[in-house]
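To start, the structure under review is shown below, and the notes come after it.
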Amino acid sequence: MTDFTEQDLDGSTFTRVSLRGARFEGVHLTGASLREVDLSGTRVRAAYVDGVRMTGVEVKDLEIYGEIVRLVVNGIDVVPLVEAELARRMPERALMAPSDVAGFRTAFETMDRLWGETMTTARALPVESLYESVDDEWSFIDTLRHLGFAHACWVGGVVLADPKPWHPLDLPWDEAPEHEGVPWARRARPELHEVLALRRQRRATVAEVLDGVTDAGLARKVRSATPFLTDAEDLTVADCLRVVLNEEWEHRLYAERDLATLAGG
């Protein structure tokens, strides 16, 4: 099998070439032109898509999970339609973009309740299932560990300006750059009660932040004290808390989806 690593193939032409089962990681396809290609079974993860135009395509089965700003299908921007349907299915979603302290308290309390329901589902499964990956995604335990990292990064590292907010069980996203002192225990198998204890600590930190801030204080400009987000400008306390809420919301949905698969065998 040919290995193209650390090579510059800009402008290359691939005509009547088989790339079945090929793996593309850290690859720039900016400006690439794909014509008469078969993308059946393709899996795309952690990709940035901007300005992509697809014409004359046949889409028989396509699923997209992610942050979608604009998606036009046959001349219709479907994002507003999707947003409206999500709001209908999950009324609590409207609470996840608060602008005042009371709204943030309500949002985090709502997430506590929703995660409590998810935990009931998780505890009904065999313990080993909580370490099992579905479709190459994080296991349930790893999802909780990643949320610990999100709290540490955005609340500890930015809002509280702590240069070392990490816990050994924190799990960065898969494509995160490695930094000295940042936990990277990908294969750790902590017990559920250990991960939940850390989540309670991180939730208590959020509560302390909200207890010590006013509505005006939510607009305070903050900068990251860790190696992450150092180029992020004009961040406010409210911005950081909303990111954590979004992480909690979206990853709970992923967890619910995968738990349902595991429960179904």
Checking TRP249 against (1) among the aromatic types (Phe, Trp, Tyr); (2) modelled with pLDDT of 95 or more; (3) part of a loop (DSSP other than H, G, I, E, B): exactly one of these is not met. Which one? (3)
Meets criteria (of a type outside the set (Asp, Glu), under 22 Å from SER133 (Cα atoms), part of a helix (DSSP H, G or I) and in contact with a His (Cβ under 9 Å, 6 or more places away or on another chain)) for LEU198: yes
How many residues does the stretch 67-91 contain that are under 22 Å from the mean Cα position of the chain (by Cα), exposed (fewer than 11 other Cβ atoms within 10 Å of the Cβ) and small (Gly, Ala, Ser)? 1
Out of the stretch 91-105, which residues are without any contact (Cβ under 8 Å) to a residue 12 or more places away in the chain and under 11 Å from LEU245 (Cβ atoms)? GLY103
Going by what's in this entry, would LEU241 be described as part of a loop (DSSP other than H, G, I, E, B), of a type in the set (A, V, I, L, M, F, W, C) and touching a Phe, Trp or Tyr at 6+ places or on another chain (Cβ under 7 Å)? no
Regarding the stretch 200-207, can at least one residue be identified that is aliphatic (A, V, I, L, M) and touching a Leu at 6+ places or on another chain (Cβ under 9 Å)? yes
Considering each residue of the stretch 99-137, count those that are under 21 Å from the mean Cα position of the chain (by Cα), within 20 Å of ARG202 (Cβ to Cβ) and β-branched (Val, Ile, Thr), and give that number. 2
Residue check, ARG53 in a loop (DSSP other than H, G, I, E, B), without any contact (Cβ under 8 Å) to a residue 24 or more places away in the chain and of a type outside the set (Gly, Ala, Ser): yes
Scanning the stretch 143-176 residue by residue, the ones that are under 17 Å from LEU196 (Cα atoms), in contact with a helix residue (DSSP H, G or I) (Cβ under 8 Å, 6 or more places away or on another chain) and part of a helix (DSSP H, G or I) total 9
Selection count where residues are over 17 Å from ASP61 (Cα atoms) and surrounded by 10 or more Cβ atoms within 10 Å (Cβ to Cβ), scope the stretch 35-44: 0
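The values are calculated or read from the model by the stated rules, or taken from the named source; none is laboratory data. Since the model is a prediction, treat every value here as computed from it, not as a measurement. Neighbour counts run over all protein chains shown; Cβ positions are idealised from the backbone, glycine included.
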